[in-house]
Structures are given as structure tokens and as C-alpha cells.
1. Evaluate the following for LEU274: is it within 18 Å of the chain's Cα centre (by Cα), surrounded by fewer than 24 Cβ atoms within 10 Å (Cβ to Cβ) and in contact (Cβ under 8 Å) with a residue 12 or more places away in the chain?
2. Give the residue that is farthest from HIS249 (Cα to Cα), with candidates limited to residues of the stretch 171-180 that are among the small types (Gly, Ala, Ser) and surrounded by 15 or more Cβ atoms within 10 Å (Cβ to Cβ).
3. Would you pick out the residues in the stretch 7-27 that are closer than 15 Å to THR71 by Cα, surrounded by fewer than 19 Cβ atoms within 10 Å (Cβ to Cβ) and in contact with a Leu (Cβ under 8 Å, 6 or more places away or on another chain)?
4. How many residues does the stretch 219-247 contain that are at pLDDT below 90 and part of a loop (DSSP other than H, G, I, E, B)?
5. For the stretch 111-133, name all the residues that are aromatic (Phe, Trp, Tyr) and either modelled with pLDDT of 95 or more or within 22 Å of the chain's Cα centre (by Cα) (or both).
6. Picking from SER158, SER211, SER198, which residue would you name as being at pLDDT below 90, within 20 Å of ALA236 (Cβ to Cβ) and not aliphatic (A, V, I, L, M)?
7. Cβ-Cβ under 7 Å, sequence separation 6+ or interchain: first residue in the stretch 476-502 and within 20 Å of LEU365 (Cα to Cα) and at pLDDT below 90, partner buried (at least 19 other Cβ atoms within 10 Å of the Cβ) and acidic (Asp, Glu). Which pairs?
8. I want to confirm something. Restricting to the stretch 134-170 and keeping residues that are in a loop (DSSP other than H, G, I, E, B) and either without any contact (Cβ under 8 Å) to a residue 12 or more places away in the chain or over 17 Å from the mean Cα position of the chain (by Cα) (or both), which single residue is surrounded by the most Cβ atoms within 10 Å (Cβ to Cβ)?
Amino acid sequence: MNHIPWLTLLIVIPAGAAIALQVVPRRMTTAIKGFTIFATLVVAVIVTLLLLWMPGNKATNGPLPLHFEETHAWLPAINATYHLGIDGISAWLLALNAGVFLLGALAISRKTTDRLRFYCTLVLLTEAATTGVLLSIDLLLFYMFWEGMLVPLYVLLSNWGGDKRGPATIKFIVYTVAGSLLMLVAIIYLYVQSPSGSFDLENILAQPISSGSAFVIPIIHLTTFTPKELAFICFALAFAIKIPIVPLHTWLPDLYEACPPAVLVFFAGIVSKLGAYGFIRFALTLFPGEVEKYRFVLAGFAVLSIIYGALMALSERDLKRIVAYASISHLGFIALGIFSLTNNGINGAVIQMINHGIIIGALFLIVGFVEARTGTRDLHELSGLERRMPWLYFFFLVATLASLGMPGMNSFVGEFTIMLGAFQLNWVYAVLAGGGVLLAAWYMLRLHQGLMHDPPKPRTEGVHDLRFGEGLLLVPLVALMIFIGLYPKPITDVSKGSVSTTVSLIEPAASISATQ
């Protein structure tokens, strides 16, 4: 079993399926969708098996507790390796990745999606790239997948969606490429400065890079950042854009507004989590001293995202933009957990990444179902759906309670654990983040009340309830919201060891900072 390259298969299967799809005639839409679902299902099954096998699989003796490692020479001339591995943090994100792409494939409409074969090809290529991001341990390999996923995403986002998709897609690509180029410069710096001359994360961690001397600006003699601090800032900007953290967030509401719901299931479900994962996997481990030094500033931006996203969600009337800004607020909680640099905070962030992917996927599917039936997303034109769509009402009620952090629902577990980490950082951050929780209850209950309980309006007269297939898409998401809320132990059991390892890499830097 151990000689099977399971992690490579997770990348090859969707990529190979995208290639094989080209021999299927375009008119055979049922076969195209069925083949796409089958490929994503196979990936989901393998990921599930890997999660079940992980507790009994001995991790490596390197700096990171990696499982199912694969290491091969890739570019020997520059000492770049094909190095894949998973730990307790990436494993659950890998499961989320597989789940949202399977759901996205199931949500594809054969009747309304034009050029279906091209669309499904892009979805499969995107899954291959996002899987590579989560598995890569070599920095250059990680960068290749990080940039590579932009190609299918750009074509996908610019060809399907609303009238504003063109400008929104360009804004997203420009933001992301700008951050990625900064990260590439930082990767090259780490390679040059590494004693082993390697792109491999574990090799760099085994021989830490010195910070170097701070730059001094001539004439005014102003001391600025050290080279390593600048490299950290480059990584941080790339990941902060992808999450996104305010004020680097402006691409997200416009893009989410223009995206079709089936795309948003996996785009909102996993792509934004890759920024948070990047912070944990690379920024915290490669730059422990720098992240310790700027932890309070970073946590401040996270709190700003929580409050700003919530206030903007209250001010919007477009359903997609309300959910988009709610997403920014929730992602702010994830960032706050990471920047607390505590076991509780980072564990909570991992749980909340899974929760956010589940909740945001359900909310965007529900918004899509409402828009398809009423022809609008304007909250002022929608009301009284409880009487017309009782099944939708049930699913939306559960998603609403989960989104606002009601005890017993999955989001409560993640937010509570993050708040513990925030208190360990500084009680002020926890209090301010608590204000975001109150605002979440306000905007989510306002949305639910206006959409479901007010008297029906002309737009909602005569609409029909969810079809059987639409309901099946929401059933697993709602079930997970309840299950994780009542029993989050499977996630924490897998992630806690890797989180502890990450925090242990930061603690020596914290001790040095405290003595200075």
C-alpha cells in the first residue's frame, strides 16, 4: 500500500480526466457531466481513505509531521524536488477541496451551462491545481501550482457568470498575480540564502536563514526592514490577498457577484482557504521571528476584516454581495486565529476553514436557487418564501444558524476556539471580535427574516420549492453543519499534532523577542 503514489494520484486523476474528456463528443452532455462527477468522486474516495489511514501511518522524522510523502528529483540543476506530503492541517483541507469540487460537479446544470465540455475541463484542471497547492512541500512546486490554478480560473470566471464578470475577473487576476510575483521574489531570496541551496521547506527549516542587517535609507538614515522581514512581507501580502484580508479584499465582492453559483461552491469553498493555509504552512514556519514581531499588527487587520465585512453585509441588498461580505468577516476570524500564534487559535482556524467551506457553499447554492426562480437577488424584492418553499426554508434556517455561530452548530466550535486564542493574545482583540459575532447575528437574521418571513411580494408569487436533486446537494452540507457542531473531535484529533509542531517552531522566536 505504501508504494502506491496516492498523493500524485490526487493530482493526476482530475488532470487526466480533463484530458480524457476531450474525446467525449460535445453533444453528449450527460456523459460529460457523469464523467466529471466520477473523476471528482474518485478523488474524494481516495482522500477519505487517506484520512482513515493517517492515524496508523507513522510520520517522518523531519521538522514537519508529514504522511504519505513522495520525494523525487524534479529540476536537479537547481535542486528543486517533487516533494509532496500531508499533515493534520492539510489533510482536512484536502478533504474540503475534494468535497467542494464534487459538489460543484453535481451542481452543474446541463441545460443552462453552454460549452459544457470546456466548462468541466476547466473545473477538473482547477481541482488538480488546488490539490497540488495543498500537497506541495517544495516552495517552487508550490508556486507552480499556486500560479497554475489561475489559468483555468481566469478562463472559467471570464466566460461564465454575470455581465460584470470581465472587470471582476481582471481585478482578481491582477491582485493575485501582483501578490504572487512578490512571493516569487521571496522564494528566490530563501533559495539563495539557504545553506543547503534548496527550495524544499523541510531542508530550509532544518538550517534556518539569518535575518540579516536592516536596510538604511541614505541621507535621512532611516532604518527599515531586514531582508528576511521583506521576504516575510512578500509572502504575507500574497496570502492576505488570497484570503482576502481588508484592505486587500476589493476583488472578492465584485467577483462573487458575477460568479455562477456552481463555480462559487468550489471557488468560495476552497480558494480563499489556500491563503490561510499558506500562512500556516509557510509564513509561520519560515518566518517565526518576523510573524511574532508583527503578530499584533496582523491580528489588527484580521479584526478589521471581521468588523468591516459585517458592517458591509448589513448595508447591502444584493444577496450575493451580502454573503460575500459575510464571507470576508468569517475569513477575518480564521486570520485572527492564525495570528494569535496559539494552539487554540490555529486549531480553531483549521476547524473554521472547514466550517466556512461548508456554510458558504450552502449559502451560495441557496442564493442560486432563489435567483433562478425569481429572477432577482434584490432583498427588497424578495420575501415570503417560507410559504412557497418550505424545504428551502429549512435548509436556509440551518445555514443561517450555523453562519451566525449558534451553539450546537459547526461555526460556534471554530469561533469559540479562535476566541480562546485571541484572549491568549490580548483580551482587546477577543472583545472586538466578539462585536463581529453580534453583527453576524444581526445581518444573518435580517437576511433570513426579510427573505422568508415578510409578506410575499410579486417576485415570490407562484415560485416552486426545491427539486429533489437540488435538495440532495444541500443535505450533506446541512448534516455536516450539525455533526461538526456536536462532534468536532475528528477534525481536532487529526490537526492538533501538526498545529502543535507549527507553534513549537514559533515559540523560540517568541522567547528571543521577549528578552529583547
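1. Values: within 18 Å of the chain's Cα centre (by Cα): yes; surrounded by fewer than 24 Cβ atoms within 10 Å (Cβ to Cβ): yes; in contact (Cβ under 8 Å) with a residue 12 or more places away in the chain: yes.
Yes; evaluated as a whole, the condition is true for this residue.
2. SER180
3. Of everything in the stretch 7-27, just one residue is closer than 15 Å to THR71 by Cα, surrounded by fewer than 19 Cβ atoms within 10 Å (Cβ to Cβ) and in contact with a Leu (Cβ under 8 Å, 6 or more places away or on another chain), namely THR8.
4. Here the count works out to 6.
5. Keep residues of the stretch 111-133 that are aromatic (Phe, Trp, Tyr), which gives 118-119.
Passing the criteria: only TYR119.
6. On the way: SER158 fails: within 20 Å of ALA236 (Cβ to Cβ); SER198 fails: within 20 Å of ALA236 (Cβ to Cβ).
Checking each option against the conditions leaves just SER211.
7. Within 7 Å, no pair qualifies.
8. Narrowing the stretch 134-170 to residues in a loop (DSSP other than H, G, I, E, B): 137, 149, 160-164.
With either without any contact (Cβ under 8 Å) to a residue 12 or more places away in the chain or over 17 Å from the mean Cα position of the chain (by Cα) (or both) added as a condition, the list becomes 137, 160-164.
Numbers: ILE137: 26, TRP160: 20, GLY161: 21, GLY162: 13, ASP163: 7, LYS164: 12.
Going through the qualifying residues, I end up with ILE137.
The values are calculated or read from the model by the stated rules, or taken from the named source; none is laboratory data. What you see is a predicted model, and the numbers here were worked out from it, not measured in a lab. For neighbour counting, all protein chains shown are included, and Cβ atoms are generated from backbone atoms with ideal geometry for every residue, glycine included.
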